[in-house]
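One structure is given here, and the rest of the page talks about it.
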Amino acid sequence: MNALDKMISLGAGYSAQGGFAQSVTDIFGALGLSLDARRGSDLKVFSPVDGSELAALRTDRAGDMDAMVANARAAFATWKDVPAPHRGELVRRYGLLVREHKEALSHLLTIENGKILTEARGEVQEVIDICEYAVGLSRQLFGLTIASERAEHRLTEYWHPLGVLGLISAFNFPAAVWAWGTTVALVCGDSAIWKPSEKTPLTALAFAGLLQKAAADYDLAPDDLVQIAIGDAACGTTLADHPDVAIVSATGSVRMGQDVGVRVQRRFGRPVLELGGNNAAIVAPSADIGLALRGTIFAATGTCGQRCTTLRRLIVHDDIRADFVKRLIAAVGSLNIGSPLDDATHVGPLIDKAAFDAMQRALEQARRDGGIVHGGDRIEVAGPDAYYVRPAIVEMPAQSEIVREETFAPILYVLSYRDFAEAIALQNGVPQGLSSCVFTSDVREAEKFQSAQGSDCGIVNVNIGTSGAEIGGAFGGEKVTGGGRVSGSDSWKNYMRRVTATVNYSTSLPLAQGVKFDLDLD
Ligand code: NAD
């Protein structure tokens, strides 16, 4: 039995000393990659599944980063001249590689990040899907023809590659967010450097390694088209400050975005910010209650509450509140909390102790604010270094400060309302603006919620929870969520520069707005 099969068969509670470290090595081997050149002593990587050490890595220093940016500039100079559909061919080949290795990549993602296997498979599928999306896009990078006010003039807009993409990503989607940005940037003609979370560098090395392999086998791809920088926030700062990094796409906390956004803006680079959310669901009296319950539970507890789109606030009508909350508490109480490698598990571990401590601090504050806490306690699954919790449902008397904050853990605050306008005001009454939803069968409420009088978020759903967006639509949010859209819809324009071109095919030189500037040159 190989290490991967052994890992699958061990299932819940697996914590054999060193088991996952060997699994990581074996998975890299199965991918045709090796960690050997990366091993070192700067950064220890732990599995949230059992708290064991997975690997120790060498990190990149400021000097390494400068060389990487110079190499990325050189790669860009070649790649931007490759026709876009041929750039798409590289992404097509990469998508096939990820598809071939979906199972191994999903296991690596689960043991390093802790999300349950079905969600890890979903994330890998998202990488495959975005590759296919980007390949199609490589033949669709179209501009506009605009009616000119001048006779015999043609006014157009079109798009050129922009430069080097620096992509900073968070631990909770350790592969998909990178793929959203990088595959699209590649077909747009950019080169890319990835600075993944220091909590999930192994998943990053695997996904980037496969893309580097695809590039090495593709004669049109220059060296160093895609690079990876392993390290902490300082590596991210280098990308944010570097004048030769044209676009900085940063996904993570609001605090990180406030720093990165200002640094990039100061040098007039292009920031794309995908930051924290504090997402709400309104449950109206006309809602299909079974559907609302299922949608609420998955959105609140999936990925152990560690999605940017996790449902954090439930705003339920007074008339149905008591019954809805009772059923919710019972359902959350019956969820299987355990090893994310076990197919029967609904909720895996938190990423680390810091996440657990932040959750407990938030629950204590909620109690001080008059909240009634159900669940939220630690569950012993795989020893003292793994942090498993029962998701918490907290009945709150009001939307106090702690409710207005994003705590990156499975806490669902319950509020109530009488009037729909009051529900919308509560939904919008937080600094974040990522995802929102309403469960209702009343078409007026559904439409109002989506209108300019309704939710102020970037994602507005009806009869669907707040998480689990599809890749086709633009993904991102407003207010302190940062305003960026990494992928989907026309987000590809973030990775290109716009040219407005006017061609005069007449024999005169009329000026716009009727300006006269007559010269007698004879
Ligand atoms: P984090 O902000 O701690 O780290 C994210 C990344 O930024 C890491 O790679 C980190 O090393 C880097 N970083 C941190 N500070 C930096 C700085 N000052 N300069 C440059 N780089 C810096 O976030 P996290 O704990 O990994 O992830 C959780 C957060 O990410 C949550 O707030 C979540 O809502 C958010 N998130 C948002 C989205 C979205 O699309 N809106 C998606 C996923 C996660």
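Bear in mind that the values in this text are calculations on the coordinates, not laboratory data. Every value quoted in this text rests on a predicted model; they were computed, and no experiment measured them. Heads up, the Cβs are rebuilt from the backbone with ideal geometry, glycines too, and the neighbour counts pull from every protein chain shown.
For every other residue with a beta carbon closer than 15 angstrom to the beta carbon of Ala216, add +1 if it is Lys or Arg and -1 if Asp or Glu, then tell me the sum. Value of the local net charge: -3. Under 12 Å of direct C-alpha separation, and excluding same-chain neighbours fewer than eight residues apart, Lys115 reaches these aspartates and glutamates: Glu123, Asp342, Asp343. Normalised by the number of residues in the stretch 240-334, what is the relative contact order in percent for Cα pairs under 8 Å and 6+ residues apart? Averaging sequence separation for qualifying contacts and normalising by length gives 25 percent for the stretch 240-334.
DSSP beta bridges fully contained in the stretch 84-219 are about 40 percent antiparallel.
Report the FRET efficiency, 1/(1 + (r/R0)^6), for Lys213 and His160, where r is their Cβ-Cβ distance and R0 is 35 Å, rounded to 0.05. Result of the calculation: an efficiency of 0.80.
Got a sec? Charge dipole of the stretch 44-151, +1 on Cβ for Lys and Arg, -1 for Asp and Glu; which of Ser148, Ala55, Thr78 is way out at the positive end? Toward the positive end, the furthest listed residue is Ser148. Close amide-amide hydrogen proximity is noted between Asp42 and Leu57, Arg58, Thr59, each under 5 Å apart and 5 or more residues distant or on a separate chain (H modeled in the peptide plane; Pro and chain starts excluded). Note on Lys448: lysines with a C-alpha under 21 Å away, same-chain residues under 8 apart excluded, are Lys479. Between Val499 and Gln22, the FRET efficiency from the beta-carbon distance, with R0 = 51 Å, is close to 0.45. Working note: Karplus 6.51/-1.76/1.60 with θ = phi - 60° gives the stretch 401-413 the couplings 4, 5, 6, 7, 8, 8, 9, 7, 6, x, 10, 10, 8 Hz, where Gly and Pro are set to x.
In terms of distances greater than 25 angstrom between alpha carbons, the cross-link table entries Lys44/Lys353; Lys80/Lys102; Lys213/Lys353; Lys102/Lys199; Lys80/Lys195 yield Lys80/Lys102; Lys213/Lys353. Site pair Asp288 and Arg327 shows an inter-label distance of 1.3 nm when each label is modelled 7 Å from Cα along Cα→Cβ. Remark: the stretch 465-472, residue by residue, has Karplus-estimated 3J(HN,Hα) of x, 7, 9, x, 5, 7, 7, x Hz, where x stands for each Gly or Pro and the curve is 6.51 cos²θ - 1.76 cosθ + 1.60 at θ = phi - 60°.
On a C-alpha basis, how far is the centre of the stretch 360-402 from the centre of the stretch 178-232 in Å? Whole number, if you could? If you average the Cα positions of each part, the centres end up 38 Å apart. Note on the chain: antiparallel DSSP beta bridges, both residues inside, total approximately 40 percent of the bridges counted. The phi torsions of the stretch 48-60, fed into the Karplus equation with coefficients 6.51, -1.76 and 1.60 and a -60° offset, translate into couplings of x, 5, 9, x, 7, 6, 8, 5, 10, 10, 7, 9, 8 Hz, rounded to whole numbers, with Gly and Pro shown as x. The relative contact order of the chain comes to 18 percent, based on Cα pairs under 8 Å that sit 6 or more residues apart. Projecting label points 7 angstrom from Cα along Cα→Cβ for Arg368 and Gln258 puts them 2.0 nm apart.
Tell me, in nm to one decimal, what length is gained between Arg267 and Glu132 on full extension, where the rule is 0.36 nm per residue of separation less the Cα-Cα distance? Write down the numbers at each step before the final one.
Numbers: separation 135, 0.36 × 135 = 48.60 nm, distance 3.40 nm.
Going from the current span to full extension adds 45.2 nm.
Label sites at Ala398 and Asp419, each approximated as a point 7 angstrom past Cα along Cα to Cβ, lie 1.8 nm apart. Measuring between their Cα centroids, the stretch 449-496 and the stretch 133-161 lie 25 Å from each other.
Grab the beta carbon distance between Asp518 and Asp232, set R0 = 56 Å, and tell me the FRET efficiency rounded to 0.05. It would help to have the intermediate numbers written out before the result.
Working: r = 64 Å, r/R0 = 1.14.
Between Asp518 and Asp232 the formula returns 0.30.
Per-residue ellipticity at 222 nm, computed for the chain from helices alone with -39500 (n - 2.57) per DSSP H run of at least four residues, works out to -12500 deg cm²/dmol.
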